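**Student:** Got a structure for you, questions after.
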Amino acid sequence: MQRKHLFALIAILIVAVMALAACGGQTTEAPAPTEAPKPTEAPKPTEAPKPTEAPAPTEAPAPTEAPAPTEAPEVKPADEIVVYNWSDYVHPDMYTIFTERTGIQIGEDNFSSNEDLLAKLQGGATGYSIIVPSDYTVAIMIEEGLLEELNHDNIPNLKNLDPEFTKLYYDPGNKYCVPYLWGTTGLGYNTELLDNPPQSWESVFKAKESDPWFGRMTLLDDVREVFSAALIYLGYDNNTQDEAQLEEAKQLLIGAKKGVSGFDNDNYEDLIGSGENLLAHGWSGDFLQAADEYGNINYYIPEEGGTIWIDNMCIPKGVTPEQKLAAEMYINFVLDPEIGKMLGEYNYYATPNKDALAIADPEYKENPLVFPPEEIRAKLRFIKPLGEFESVYQRMWDEVKSAQ
Ligand code: SPD
């Protein structure tokens, strides 16, 4: 080989070796710039969870997947409940029998009128598991959300109610209340001191000083009852919303005050029995019960008519589940035919319990003062709820009470 060719070959080899060294011999294994995460591969905002991708409400556990009610802890009845009732409205043995049967103690507190009971509940009273309002007051309490719904499963004796008492205008189907007793409002008198009691309300509202009952009679301390009697006497609807008619009734009542010794809901029958008074406006069973005690009292509906009412067992809103169960057990107990018979025969109010009536004594179920015959019933009127207009009655009543 010529010397110049040898130098050329060596030069070519040197260049080749340098080129290889510059590449390091591993170029394909190093991360190539093109292999780095490309911007387009980074999470895009559009890939973030969209609101519509959040768990939809329909994906939440369906109600059917929730624990079944049977799995809830079993409620035990309360050890004690308090009944808020009218006075003298239970058989003296009733609470003891209930405690013997269930182990639940019963306490009782009393109110004197539907308006007092309603005001107490509206004021947020607690501690009562059973209350006993009359028909029109039940309607107001349901409207104002003051009552618990009853669990009929705990009141199997509901089947004993006369069907007439399961479709009442104020609580069809007994959703909130169960009728306790019913009765009428009229006049009671002392049979030893008064031979001929007045047959018309006129002799009450326009009593003369020469009348033996002048100054010796009471009227109920109850706005709707007293206005009902006055309106019935005047020939008007006892639930009138005509202010002129109410004004007339108010004037009649203000004029009547001079012959009246007081307004009373709690002792009027005792005042008749003792002879202090001769005549009183009051509730049927109160007079007939006192007649058993004093032996000198009778009761009647004046010729123009009177009122009829149904009192009911209800559970006020706010009781505990334990109190509610105990209260429903008490309602079921009252609906026992033997208890219903015992209660009605003792206090002379009419039972709504058909099974109790079926086994009741004839003296009770055939007593026309407890179960008025048709010709008397035709003259009896229910007091109805009047909504806002109740306040007009209340204002007029305050004027009657404060008039000199
Ligand atoms: N002593 C019990 C009296 C019950 C009277 N309740 C009825 C009132 C209707 N206005």
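Rule-based calculations on the coordinates, nothing more; no lab input. Since the model is a prediction, treat every value here as computed from it, not as a measurement. Positions of Cβ are generated from backbone atoms using ideal geometry, with glycine treated the same way; all protein chains shown enter the neighbour counts.
**Student:** By how many nm would the segment from Glu304 to Glu100 grow when fully extended, if each residue of separation counts as 0.36 nm and the alpha-carbon distance is taken off?
**Tutor:** Difference between extended and current length: 68.8 nm.
**Student:** Name the shape class, rounded, prolate or oblate, that the alpha-carbon gyration tensor gives for the stretch 143-296, where a ≥ b ≥ c are the square roots of its eigenvalues, rounded holds for a/c under 1.5, and otherwise prolate holds if a/b is larger than b/c and oblate otherwise.
**Tutor:** The shape class here is oblate.
**Student:** Neighbour counts of other C-beta atoms within 10 Å: give me Val392, Val204, Val223 arranged from fewest to most.
**Tutor:** Listed from fewest to most nearby Cβ atoms, that is Val392, Val223, Val204.
**Student:** Also, quick follow-up: Please find the FRET efficiency linking Glu366 to Lys159, where r is the Cβ-Cβ separation and R0 is fixed at 25 Å, and quote it to the nearest 0.05. All intermediate terms of the calculation are to be shown ahead of the outcome.
**Tutor:** Numbers: r = 25 Å, r/R0 = 1.00.
The computed FRET efficiency comes out at 0.50.
**Student:** Kindly list the residues of the stretch 145-189 that lie in the label zone of Glu338, defined by a backbone N under 16 Å from the point 7 Å along the Cα-to-C-beta vector.
**Tutor:** 157
**Student:** Looking at the P(r) of the stretch 194-236, how many percent of alpha-carbon pairs lie beyond 15 Å?
**Tutor:** 46
**Student:** Evaluate the distance, in nm, between pseudo-label points positioned 7 Å from the Cα of Lys120 and of Gln241 along their respective Cα→Cβ axes.
**Tutor:** Going from the Lys120 label point to the Gln241 one covers 3.0 nm.
**Student:** Gln404 to Asp93: extension gain in nm, 0.36 nm per residue of separation minus the Cα-Cα distance?
**Tutor:** Working: separation 311, 0.36 × 311 = 111.96 nm, distance 4.47 nm.
Gain on stretching Gln404 to Asp93: 107.5 nm.
**Student:** Please rank Thr307, Thr240, Thr184, Thr351, fewest neighbouring Cβ atoms within 10 Å first, as an exposure proxy. Display every interim value, and only then the final one.
**Tutor:** Working: Thr307 22, Thr240 19, Thr184 25, Thr351 31.
With the sparsest Cβ surroundings first, the list reads Thr240, Thr307, Thr184, Thr351.
**Student:** Please give the FRET efficiency for Glu375 paired with Asp109, using the beta carbon to beta carbon distance and R0 = 35 Å, rounded to the nearest 0.05.
**Tutor:** Calculated value: 0.35.
**Student:** Treat every Asp and Glu Cβ in the stretch 267-404 as -1 and every Lys and Arg Cβ as +1, leave all other atoms uncharged, and give the resulting dipole magnitude about the Cα centre to the nearest 20 debye.
**Tutor:** Dipole of the stretch 267-404, to the nearest 20 debye: 540 debye.
**Student:** Between the stretch 389-404 and the stretch 220-271, what is the C-alpha centre distance in whole Å?
**Tutor:** 10
**Student:** Give me the distance between the Cα centres of the stretch 272-307 and the stretch 308-345, rounded to whole Å.
**Tutor:** So the separation of the two Cα centres works out to 27 Å.
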